[in-house]
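Asker: I have a structure I would like to understand better, so I am pasting it below and will then ask my questions one at a time.
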Amino acid sequence: MNSTILEVTERIIERSKRSRQAYLDKIEHARRKGPHRGVLSCGNLAHGFAACSKEDKTSLTNMVKANIGIVSSYNDMLSAHQPYETYPQQIKEAVASVGGVAQFAGAVPAMCDGVTQGNPGMDLSLMSRDIIAQSAAVALSHNMFDGALMLGICDKIVPGLLMASLSFGHLPTVFVPAGPMPSGIPNKEKARIRQAFAEGKVGRDQLLEAESKSYHSAGTCTFYGTANSNQLIVELMGLHLPGSSFVNPGTPLRYELTNAAARQVTRLTDLGADYMPIGHIVDAKSIVNGLVGLLATGGSTNHTMHMIAVARAAGYHINWDDFSDISKSVPLITRIYPNGSADINHFTAAGGMALLFKQLLDAGLLHNDVNTVCGRGLEKYTQEPKLVDGQLEWQAGPTESFDPEVVATVDKPFKPDGGVCVLNGNLGRGVIKTSALRDGAGIITAPAVVFEDQFELDAAFKAGDLDKDCIVVVRFQGPKAIGMPELHRLTPPLGVLQDRGFKVALVTDGRMSGASGKVPAAIHVTPEAYDGGMLAKVQNGDVIELNSQTGELILHVSDEELAKRDPKQADLAHHQVGMGRELFAGVRASLTGAEEGACSLFGAQEQVL
């Protein structure tokens with residue numbers, strides 16, 4: 001086992017001893033002998049199964065059959081979640097086939113950063129994760145269930161469902177993916193047309209045509225952003241069936257994997273001899289396994305917040321130093337856009353999850369002594385699901401890459417490290433994703449050009465004010481300020497400047513998305529400008545140094561000068577009213593900093609844990 005991985009795991013365990021034990025005590029207290037509905041009064045139970053069939057009522061009354069709660073993020077607007085429309089009925093039939101009952105417990109909201117990008121609704125995006133967790137908790141709160149199936153894929157949805165599932169950590173829980181859409185226009189071509197549009201070289205009709213060819217059918221977007229990072233992490237943590245993350249929707253294999261997931265959760269309930277709740281699967285080792293997989297594949301920087309919040313829900317405290325140390329020990333062994341030209345379907349064709357598991361296990365980078373929804377250990381995850389004469393089987397996965405340009409080896413990786421670096425300096429702490437950067441791009445010292453709003457940058461770009469070496473500072477984008485929207489719409493203009501030969505970078509207390517690419521971006525800077533961060537004192541022309549090799553983020557202004565400056569005060573009213581944003585004032589005010597997960601849920605729990 002890699003010594004650094006062991007060291008990071010041990011220090012997470014040590015720093016979390018008290019809170020993890022309190023968590024385990026909590027979920028053990030929640031556990032009851034036999035079905036939880038057994039503690040319900042007759043009136044409670046009658047309400048709980050009033051709409052069920054006579055047969056299901058008998059099953060639930062006799063307390064001998066498992067009742068599985070289904071929580072879904074289905075909606076028609078999200079391509080990734082549209083396939084879930086038919087899953088509840090399918091799951092009910094699959095559970096019934098093995099003598100159980102399944103009820104649709106509730107739905108959770110699911111919004112898409114791709115739709116809200118650059119629009120007012122984006123200000124709700126990160127906060128929706130905590131609302132999703134609360135919504136799923138409401139769905140499970142009726143005490144009717146012996147296990148749960150979580151249906152979700154995209155950005156904030158899976159972390160929210162994970163947090164809720166861990167709150168009900170005494171319940172066996174399996175996550176059920178729906179898979180990516182088939183490949184469309186190459187991602188590099190999409191990026192080229194976006195930049196051409198930013199320069200005014202193509203019109204909106206050409207841009208829309210390209211975007212429509214990229215996002216063209218049901219399923220997850222095919223680039224390696226937060227949605228697909230979610231799926232990879234959940235499988236690395238043992239919460240998916242092996243090889244189920246990236247099977248396309250609407251295929252026979254996808255259908256049978258969903259049936260298998262539904263049946264599998266019934267085998268893990270407290271009614272049988274193989275009880276395995278999610279709170280006993282998600283431990284320090286499985287969390288570290290998720291981080292290793294994320295970093296080895298150049299996954300989304302959003303998880304430098306999400307995984308902190310997820311770990312907290314399981315009683316663990318992790319921080320950016322844990323990410324950084326793992327990143328230094330884990331090589332980058334995949335090239336998936338924006339880290340390369342391949343998409344997630346190409347990754348699957350090159351060997352996919354089975355090969356990734358094998359490589360990381362053989363190199364001693366994954367803990368193998370972990371629980372999963374399929375039993376103890378990760379060997380089964382080196383296998384691939386196949387349909388043989390219509391029957392689902394798992395067969396030995398590949399031992400070598402079918403495309404070394406997409407999946408490399410640990411011995412000969414694309415980069416020696418995992419591509420996430422923690423930055424420190426008098427500007428605060430932040431993270432930078434380096435896996436997609438050109439050589440040397442992660443080191444820049446240049447004058448600052450300061451914006452209080454991402455939309456101000458467009459006018460400056462079009463006026464030519466950014467045609468120079470510069471570090472663009474976009475501040476007052478943090479959690480407490482406006483909910484920490486994603487700023488990925490800044491990528492095309494900054495990419496254009498880079499292509500023109502200028503050295504540019506971004507420094508922000510906002511997010512830059514799972515699709516962060518070739519522009520060096522120091523993101524999630526904390527403390528945020530709104531909450532006393534030094535970013536609020538930066539002025540145009542101040543020299544900033546960003547160095548991803550040394551991990552420095554330095555404002556080259558003397559302490560004496562900085563002491564004289566009053567922090568800038570931003571007018572944020574237009575970000576806090578409209579499009580429902582006024583309803584989230586309480587959530588914004590209670591959000592923690594980025595390194596604490598930008599979370600509003602654990603204030604009271606901290607006093608308990």
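The values are calculated or read from the model by the stated rules, or taken from the named source; none is laboratory data. Keep in mind it's a predicted model, so treat the numbers as computed, not measured. Note that we place each Cβ from the backbone using ideal geometry, even for glycine, and neighbour counts take in every protein chain shown.
Asker: Scan the stretch 246-254 and give yes if some residue there is within 29 Å of residue 217 (Cβ to Cβ), part of a helix (DSSP H, G or I) and touching a helix residue (DSSP H, G or I) at 6+ places or on another chain (Cβ under 9 Å), otherwise no.
Answerer: yes
Asker: Only one residue in 297, 226, 251 is assigned by TED's automatic domain parsing to the domain that holds residue 71, among the hydroxyl-bearing types (Ser, Thr, Tyr) and more than 25 Å from residue 367 (Cβ to Cβ), so which one is that?
Answerer: 251
Asker: Now for a separate question. Can you pull out the residues in the stretch 344-392 that are acidic (Asp, Glu) and closer than 19 Å to residue 291 by Cβ?
Answerer: Those that are acidic (Asp, Glu) and closer than 19 Å to residue 291 by Cβ: 362, 369.
Asker: Restricting attention to the stretch 495-546, and to residues there that are more than 25 Å from the chain's Cα centre (by Cα) and at positive phi, which single residue is modelled with the highest pLDDT?
Answerer: Here the answer is 541.
Asker: With the condition being of a type outside the set (Phe, Trp, Tyr) and closer than 19 Å to residue 178 by Cα, I'd like the helices (runs of 4 or more DSSP H) fully within the stretch 1-120 carrying at least 2 qualifying residues.
Answerer: Of the helices (runs of 4 or more DSSP H) lying wholly inside the stretch 1-120, those with at least 2 residues that are of a type outside the set (Phe, Trp, Tyr) and closer than 19 Å to residue 178 by Cα span 87-97, 113-116.
Asker: Let me ask something else about it. If you check residue 259 against the conditions, is it under 23 Å from residue 300 (Cβ atoms) and not basic (Lys, Arg)?
Answerer: no
Asker: Still on this structure, please answer the following. With respect to the numbered conditions (1) at positive phi; (2) in contact (Cβ under 8 Å) with a residue 40 or more places away in the chain, which one is the sole condition not fulfilled by residue 389?
Answerer: It fails just one condition, (2).
Listed here are the residues, each with its yes/no results for (1) surrounded by fewer than 21 Cβ atoms within 10 Å (Cβ to Cβ); (2) farther than 23 Å from residue 345 by Cα; (3) more than 18 Å from the chain's Cα centre (by Cα).
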site: 223; (1), (2), (3): no, no, no
site: 227; (1), (2), (3): no, no, no
site: 233; (1), (2), (3): no, no, no
site: 252; (1), (2), (3): yes, no, yes
site: 258; (1), (2), (3): no, no, yes
site: 274; (1), (2), (3): yes, yes, yes
site: 280; (1), (2), (3): yes, yes, yes
site: 284; (1), (2), (3): no, yes, no
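Asker: Starting from the stretch 159-177, take each residue that is assigned by TED's automatic domain parsing to the domain that holds residue 276 and part of a helix (DSSP H, G or I) and list its partners that are surrounded by fewer than 24 Cβ atoms within 10 Å (Cβ to Cβ) and modelled with pLDDT of 95 or more, counting only C-beta distances under 6 angstrom and pairs at least six apart or across chains.
Answerer: 164/137; 167/137
Asker: Which residues, counting only those in the stretch 266-286, are of a type in the set (Val, Ile, Thr), part of a helix (DSSP H, G or I) and either in contact with an Asp or Glu (Cβ under 9 Å, 6 or more places away or on another chain) or closer than 26 Å to residue 340 by Cβ (or both)?
Answerer: Result: 266, single match.
Asker: Counting only residues that are assigned to a loop (DSSP other than H, G, I, E, B) and either of a type in the set (Val, Ile, Thr) or surrounded by fewer than 24 Cβ atoms within 10 Å (Cβ to Cβ) (or both), how many does the stretch 458-479 have?
Answerer: Residues flagged as assigned to a loop (DSSP other than H, G, I, E, B) and either of a type in the set (Val, Ile, Thr) or surrounded by fewer than 24 Cβ atoms within 10 Å (Cβ to Cβ) (or both) within the stretch 458-479 amount to 7.
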